[in-house]
Amino acid sequence: MAAFEFRPDHVTQEMLDYAKKLGEGMDTLSKLGPIETGVTPRDAVYAEDKLVLYRYRHPDGGRPLNPVPVLIVYALVNRPYMTDLQENRSLVRGLLDAGLDVYLIDWGYPDYADRYLALDDYINGYIDRCVDTICRQHQRERINLLGICQGGTFSLCYAATHVRKVSNLVTMVTPVDFHTPDNMLSRWAQQIDVDLAVDAMGNVPGELLNWTFLTLKPFRLMTQKYVDTVDVLRDETAAKNFMRMEKWIFDSPDQAGEAFREFVKQFFQDNRLVNGTARVGDHAVKLDNLTMPVLNVYATEDHLVPPAASRALKDHVGTRDYTELAFRGGHIGIYVSGKAQKQVPPAIGAWLDDRT
């Protein structure tokens with residue numbers, strides 16, 4: 001083994017080089033201007049309270065080839081423009097390119113007036129009325145549903161209790177079994193006195209949840225990322241890409257208190273989705289009611305929703321038409337990496353086309 005040689009002159013030069021890169025990067029950042037997100041043309045087709053339902057249009061004017069519209073149900077925790085971050089990093093654009101007619105629910109920013117919204121309001125209320133709006137628009141009885149992360153769990157609950165309104169179900173990085181041994185987020189949530197938290201705060205601050213997610217990988221997400229970024233900030237395009245991600249990461253809406261309470265208790269703490277005891281309002285949620293075709297997309301390096309937590313779905317659905325798609329990447333990379341753009345949207349489009 002070669003002996004380690006400490007050279008003060010080398011260290012000094014590295015520090016000078018780093019300082020120079022940092023200065024040039026700060027100069028680039030100061031000239032960027034507003035950071036835009038959400039690049040695909042869209043139209044608001046329905047609104048209720050804080051919610052807006054959007055329908056996307058292909059930038060090139062192309063018309064959808066698949067006659068069955070698809071509704072994207074995103075999580076409450078972050079903003080849904082992650083699915084349409086920029087021109088070359090857009091799940092929405094990829095789905096449009098695959099010939100799909102794409103709708104998306106934007107939940108907005110809950111305030112104190114929304115603290116008593118429950119899972120029943122979100123799933124049997126908002127989602128169901130959005131589905132009815134799309135069905136009327138297209139004169140159809142059923143649509144395709146695509147749920148992402150927590151929105152995937154919502155979509156499982158909705159599809160299991162409104163079977164006649166869902167033609168095909170796609171879930172992406174969706175937690176199903178919340179008690180797998182490698183689920184660090186769930187281990188933390190299981191120890192929370194959620195009643196005390198909600199009773200004290202009303203709505204749960206988005207900043208608090210964001211801090212929780214960052215501390216799952218504190219060195220990588222709060223230190224190393226910014227050290228590495230110095231090497232690319234001198235390039236304006238790279239700097240804008242970085243700032244779009246930063247904007248999304250820290251754009252965290254507050255969580256409606258009662259819905260948060262229910263979600264933590266039923267799923268993180270009691271694991272009711274897989275043990276068959278989940279309830280949303282008056283509806284019992286039974287995953288074996290999922291008799292429609294199901295495509296389950298998961299990320300192999302996901303630290304928020306480990307693959308085992310998502311793949312558990314195959315043991316509980318009531319359909320024989322169950323398919324899994326593994327993406328070699330992480331929870332965020334499945335939407336924004338170049339590799340994901342080439343693999344995931346075309347695969348979803350082809351899978352849905354085969355079942356139209």
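For the range 123-176, which residues satisfy the criterion of being under 16 Å from ASN296 (Cβ atoms), part of a helix (DSSP H, G or I) and either without any contact (Cβ under 8 Å) to a residue 12 or more places away in the chain or within 16 Å of the chain's Cα centre (by Cα) (or both)?
GLN150, GLY151, GLY152, THR153, PHE154, SER155, LEU156
All but one of (1) buried (at least 20 other Cβ atoms within 10 Å of the Cβ); (2) under 28 Å from GLY349 (Cα atoms) hold for ASP254; state the number of the condition that does not hold.
Status for ASP254: all satisfied but (2).
Pairs, please: C-beta under 8 Å, at least 6 apart or cross-chain, first residue over 12 Å from GLU324 (Cβ atoms) and part of a strand (DSSP E or B) and in the range 283-296, second at pLDDT 95 or above and of a type in the set (Gly, Ala, Ser)?
Between residues of the range 283-296 that are over 12 Å from GLU324 (Cβ atoms) and part of a strand (DSSP E or B) and residues that are at pLDDT 95 or above and of a type in the set (Gly, Ala, Ser), the close pairs are ALA284/ALA278.
For the list (1) under 24 Å from LYS247 (Cα atoms); (2) within 18 Å of the chain's Cα centre (by Cα); (3) not small (Gly, Ala, Ser), I need the number of the one condition that LEU71 fails.
(1)
Just checking, which of VAL294, VAL264, VAL344 is within 21 Å of THR37 (Cα to Cα) and out of contact with any Pro (no Cβ under 8 Å at 6 or more places or on another chain)? Can you show your working first?
Details: VAL294 fails: within 21 Å of THR37 (Cα to Cα); VAL264 fails: within 21 Å of THR37 (Cα to Cα).
On inspection, the qualifying residue turns out to be VAL344.
For the range 146-167, how many residues are in contact with a helix residue (DSSP H, G or I) (Cβ under 6 Å, 6 or more places away or on another chain) and crowded, with 21+ Cβ neighbours inside 10 Å?
Of the residues in the range 146-167, 6 are in contact with a helix residue (DSSP H, G or I) (Cβ under 6 Å, 6 or more places away or on another chain) and crowded, with 21+ Cβ neighbours inside 10 Å.
LEU196: of a type in the set (A, V, I, L, M, F, W, C), at pLDDT 95 or above, in a helix (DSSP H, G or I) and in contact with a helix residue (DSSP H, G or I) (Cβ under 8 Å, 6 or more places away or on another chain), yes or no?
Details: of a type in the set (A, V, I, L, M, F, W, C): yes; at pLDDT 95 or above: yes; in a helix (DSSP H, G or I): yes; in contact with a helix residue (DSSP H, G or I) (Cβ under 8 Å, 6 or more places away or on another chain): no.
Taking the combined requirement at face value, the residue does not satisfy it.
Would you pick out the residues in the range 303-350 that are of a type in the set (S, T, N, Q) and more than 18 Å from the chain's Cα centre (by Cα)? Show your work before the answer.
First pass over the range 303-350, keeping only residues of a type in the set (S, T, N, Q): 310, 319, 323, 337, 341, 343.
Selection gives THR319, THR323.
Among the residues of the range 37-50, which ones are touching a residue at least 40 places away in the same chain (Cβ under 8 Å) and surrounded by fewer than 14 Cβ atoms within 10 Å (Cβ to Cβ)?
Within the range 37-50, GLU48 is the sole residue that qualifies.
Scan VAL77, VAL68 and give me the residue that is under 12 Å from ALA256 (Cβ atoms) and either in contact (Cβ under 8 Å) with a residue 40 or more places away in the chain or in a helix (DSSP H, G or I) (or both). Please lay out each step first, then the result.
Working: VAL68 fails: under 12 Å from ALA256 (Cβ atoms).
The conditions single out VAL77.
The values are calculated or read from the model by the stated rules, or taken from the named source; none is laboratory data. Nothing here was measured: the structure is a model prediction, and the numbers come from that model. Cβ atoms come from the backbone with ideal geometry, glycine included; neighbour counts cover every protein chain shown.
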